Amino acid sequence: MTALPEDQPQLIAEDDRDTAVQRLQKAYTEGHISHADLDERLHRVLTVKTHSELVSALASLPEEDAGTTSTIAAAGGRIQRRGVWRVPRTLKVESAFGRVHLDLSRAVIEHPVVDIELQLGTGRAKITVPRDAIVDLDALHTGWKDSHYKPRRHSRPGGPRIRISGAMGFGRLKIRHARR
């Protein structure tokens with residue numbers, strides 16, 4: 001029996017691998033890991049093929065406190081987060097004009113619940129969530145257009161719950177699950 005495309009592991013991109021190497025180097029220079037640990041983890045990061053293996057190689061690395069609230073703000077232009085990045089417990093996104101694109105498909109999500117608060121004036125917003133995520137939009141208020149989200153029919157247990165709240169003036173929020 002062959003695996004369905006959605007059951008295949010998520011492969012990593014080279015920019016994700018580069019970001020992981022930078023995180024390891026930073027942890028070593030700050031004295032959080034030993035030279036031997038750095039060598040072992042670098043070998044793993046440079047040879048892994050899937051996203052889950054990469055997350056495992058980066059496990060327990062200290063970085064900014066992901067349990068706090070982080071704010072991404074721009075008056076105009078584009079706000080974008082993608083690749084391997086650590087998602088804080090609460091993420092506030094503020095933009096008066098412009099587009100927002102948050103890609104959580106390869107992100108390191110360490111919390112069972114992630115709150116994303118949107119404060120958007122005009123422009124589109126797109127959020128890509130992990131395949132197994134559960135999305136809650138009940139606390140989001142839209143002004144001009146409704147949000148576009150089609151929940152997955154078959155969710156696997158254990159995925160993060162992404163709660164999206166806040167307000168959008170003019171523009172549309174599109175949420176989709178990662179394909180792989």
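All of the numbers you see were taken from the coordinates with simple rules; none came from a lab. Every value quoted in this text rests on a predicted model; they were computed, and no experiment measured them. For neighbour counting, all protein chains shown are included, and Cβ atoms are generated from backbone atoms with ideal geometry for every residue, glycine included.
Here are the numbers for this structure:
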| read-out | value |
| --- | --- |
| Calculated FRET value between Lys126 and Leu42, using beta carbons and R₀ = 35 Å, to 0.05 | 0.55 |
| Calculated [θ] (222 nm, deg cm²/dmol) that DSSP helices of n ≥ 4 give over the chain, each run adding -39,500 (n - 2.57) | -6000 deg cm²/dmol |
| Base-10 log of normalised Debye intensity for region 43-180 (one unit scatterer per alpha-carbon) at q = 0.10, 0.14, 0.20 Å⁻¹ | -0.34, -0.65, -1.23 |
| Kirkwood Rh (inverse of mean 1/r, distinct Cα pairs), region 5-57, angstrom | 11.6 |
| Cα long-axis angle, helix 35-47 against the chain (0 to 90 degrees, to the nearest 10) | 60 |
| Extension gain from Ala13 to Asp103, taking 0.36 nm per residue of separation minus the Cα-Cα distance | 31.0 nm |
| Which listed pairs, of Lys49/Lys150; Lys92/Lys150; Lys26/Lys174; Lys92/Lys145; Lys26/Lys49, have C-alpha distances above 26 Å, in listed order | Lys49/Lys150; Lys26/Lys174 |
| Computed FRET value (nearest 0.05) for Glu110 with Ala167, which takes r as the C-beta separation and R₀ as 41 Å | 0.90 |
| Protection proxy ranking, peptides 39-49, 86-96, 141-151, average beta carbon neighbours within 10 Å, highest first | 86-96, 39-49, 141-151 |
| Segment His35-His141, extension gain: residue separation times 0.36 nm, minus the distance between their alpha carbons | 33.2 nm |
